[in-house]
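Take a look at the structure set out below.
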Amino acid sequence: MLKLYINKIILFSFMEILMVGFLDAKEPTLAILRTVISNNNQIFNIGNYNFNCKTYGVISIEELKFANEDNEICQDSIKRLYRKNISLKYISLRLLDLRQMYHIEFKNDECLLYSNGQKTLSEILLEEGVAVLKPRFKDREFRYSFHKAQNRAKYEKKGMWSENIPGRCLSELVAQQKN
């Protein structure tokens, strides 16, 4: 009887080690998109659990904060940009299909959402000029591709990098990212 008991303990311990290994794996999780709130914020569900998913490593332009004296001017410029290019405000809604299953990874209370093959939603938002990298973004795995996407938007003058946003707003953003 003792031998049977010991074998069960060993079996359960082995199964527990396997389960912990699976739970700790870096594999993306599959989740179903329920709602797109904004470019930077979506609601997904896994089974019966709904959760809010903020896009990893970026801040959308409507969520940006500027220095007090420039905040109103900069926010008005962003509103004008969206009025002129309404499709920019709804990029996530255009790219993502409701009730579709997506691969996501959880990183620092945010979600890395693979929306276009290997390309993440964060990268696409940066490329379109509707988001900026978070200040002091240090993730080695994504830093290069995110910087490259943001620089491409600057070079091609897309989204907020077009002439619609005053220079002092953009220079403040660049300064925030360097600090």
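The values are calculated or read from the model by the stated rules, or taken from the named source; none is laboratory data. From a predicted model like this one, the values you see are computed outputs, not experimental measurements. Here Cβ is always computed from backbone atoms with ideal geometry, including for glycine, and neighbour counts include all displayed protein chains.
Suppose we keep only residues that are charged (D, E, K, R) and either under 11 Å from Ile78 (Cβ atoms) or part of a helix (DSSP H, G or I) (or both) within the stretch 152-170. Which one would you say is modelled with the highest pLDDT? Lay out the reasoning, then the answer.
Pass one, the stretch 152-170, residues charged (D, E, K, R): 152, 154, 156-158, 163, 168.
Still in the list and also either under 11 Å from Ile78 (Cβ atoms) or part of a helix (DSSP H, G or I) (or both): 152, 154, 168.
Values: Arg152: 95, Lys154: 91, Arg168: 69.
The selected residue is Arg152.
Just one of Asn40, Asn52 is surrounded by fewer than 14 Cβ atoms within 10 Å (Cβ to Cβ) and modelled with pLDDT of 85 or more; which is it?
On the way: Asn40 fails: surrounded by fewer than 14 Cβ atoms within 10 Å (Cβ to Cβ).
Result: Asn52 is the single residue among Asn40, Asn52 that is surrounded by fewer than 14 Cβ atoms within 10 Å (Cβ to Cβ) and modelled with pLDDT of 85 or more.
Mind counting the residues in the stretch 105-151 that are under 14 Å from Thr55 (Cα atoms) and in a strand (DSSP E or B)?
Residues flagged as under 14 Å from Thr55 (Cα atoms) and in a strand (DSSP E or B) within the stretch 105-151 amount to 14.
Residue by residue, here is whether (1) of a type in the set (A, V, I, L, M); (2) modelled with pLDDT under 70; (3) surrounded by 10 or more Cβ atoms within 10 Å (Cβ to Cβ) holds:
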site: Glu16; (1), (2), (3): no, yes, yes
site: Asp24; (1), (2), (3): no, yes, no
site: Leu30; (1), (2), (3): yes, no, yes
site: Gly47; (1), (2), (3): no, no, no
site: Glu72; (1), (2), (3): no, no, yes
site: Lys84; (1), (2), (3): no, no, yes
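Would you please name the residue that is nearest to Gly47 (Cα to Cα), looking only at residues in the stretch 69-115 that are under 14 Å from the mean Cα position of the chain (by Cα) and aromatic (Phe, Trp, Tyr)?
Tyr102
Does the stretch 52-74 contain at least one residue that is under 12 Å from Asn39 (Cβ atoms), touching a residue at least 24 places away in the same chain (Cβ under 8 Å), among the aromatic types (Phe, Trp, Tyr) and out of contact with any Pro (no Cβ under 9 Å at 6 or more places or on another chain)?
no
Take Leu93 and decide whether it is among the hydrophobic types (A, V, I, L, M, F, W, C), buried (at least 18 other Cβ atoms within 10 Å of the Cβ) and farther than 24 Å from Lys148 by Cβ. Reasoning before the result, please.
On the way: among the hydrophobic types (A, V, I, L, M, F, W, C): yes; buried (at least 18 other Cβ atoms within 10 Å of the Cβ): no; farther than 24 Å from Lys148 by Cβ: yes.
In short, no.
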